[in-house]
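Nothing in this text is a laboratory measurement; each read-out follows from the coordinates by a stated rule. The structure displayed is predicted, hence computed values, not measured ones. No Cβ is skipped: glycine too gets one built from the backbone with ideal geometry, and neighbour counts run over all protein chains shown.
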Amino acid sequence: MKKALFTVLFSSVVASAAYAAPYTQIDSSKSRVEFGYRQMGVGMQGHFKRVQAQLQLDPAQPQSAKAQIDIDLNSIDTGSAEANQEVAGKAWFDSKTYPTARFISKEVKAVGPQQYQVSGTLTIKGRSQPIVAAASLTPQGNQALIKGKFRFKRSDFAIGEGVWANFDTVANEIDVQFQFLAK
């Protein structure tokens with residue numbers, strides 16, 4: 001159920017040489033972090049309602065881009081109030097102790113026209129792991145739409161402990177998709 005974090009975005013420090021103005025903000029109200037996973041073989045999806053970001057992104061110099069994405073784990077929406085409450089508990093996110101998931105970028109590489117590889121560190125429940133996200137940037141006037149995705153393993157972050165640790169019940173792989181409006 002959860003995960004996502006992703007984190008990550010996560011991951012949203014992409015750049016494009018097509019537009020020369022630097023981007024320094026993310027419009028949180030027009031940004032989204034979604035996640036997908038399999039539970040007992042059935043595809044499930046959810047998202048986080050609150051995402052904050054600090055951004056320094058000059059499309060002329062994507063290699064200098066920096067981002068920190070913070071996801072409020074208590075803002076999870078799995079589609080079920082009961083599931084939302086369950087994943088806030090100690091076995092899943094333990095969001096009383098660890099209310100935020102964080103992605104901090106380390107490197108941005110152009111891999112094609114307006115296509116990037118964003119490397120960084122994702123931290124959930126006090127555990128940090130390297131993450132690589134595929135991302136794109138589409139300039140829209142003085143704004144840009146940043147979209148991307150990555151996958152992580154919930155076991156790397158102790159998400160779903162105890163009876164939930166069985167990957168036959170909830171798969172280990174979590175797919176994260178993000179969309180940020182940069183200004």
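Here residue 168 and residue 77 are evaluated by their C-beta separation; at R0 = 22 Å the FRET efficiency comes out at 0.30. The ranking of 180, 35, 167 by Cβ neighbour count inside 10 Å, starting from the fewest, reads 167, 35, 180.
For the stretch 28-182, the residue among 119, 71, 130 whose Cα projects farthest onto the positive side of the dipole built from Cβ charges is 119.
Peptides 97-107, 53-63 ranked from most to least packed, by the mean per-residue count of other Cβ atoms within 10 Å: 97-107, 53-63. Number of Lys-Lys pairs in the chain with C-alpha atoms under 14 Å apart and a separation of 8 or more places or on different chains: 17.
FRET efficiency for residue 109 and residue 86, Cβ-Cβ distance as r, R0 = 35 Å, nearest 0.05? Before the final figure, lay out the partial values.
Working: r = 38 Å, r/R0 = 1.09.
E between residue 109 and residue 86, to the nearest 0.05, is 0.35.
Backbone N atoms of the stretch 89-121 closer than 15 Å to the 7 Å Cα→Cβ label point of residue 127 belong to residues 90-95, 98, 101-102.
Over the C-alpha trace of the chain, radius of gyration and Dmax come out as 15.9, 51 angstrom. Computed about its Cα centre, the charge dipole of the chain is approximately 220 debye, with only Lys, Arg, Asp and Glu carrying charge at their Cβ. Using helices alone, what [θ] at 222 nm do you get for the chain, with -39,500 (n - 2.57) per DSSP H run of 4 or more residues, divided over all residues and rounded to the nearest 500? That comes out to -1000 deg cm²/dmol.
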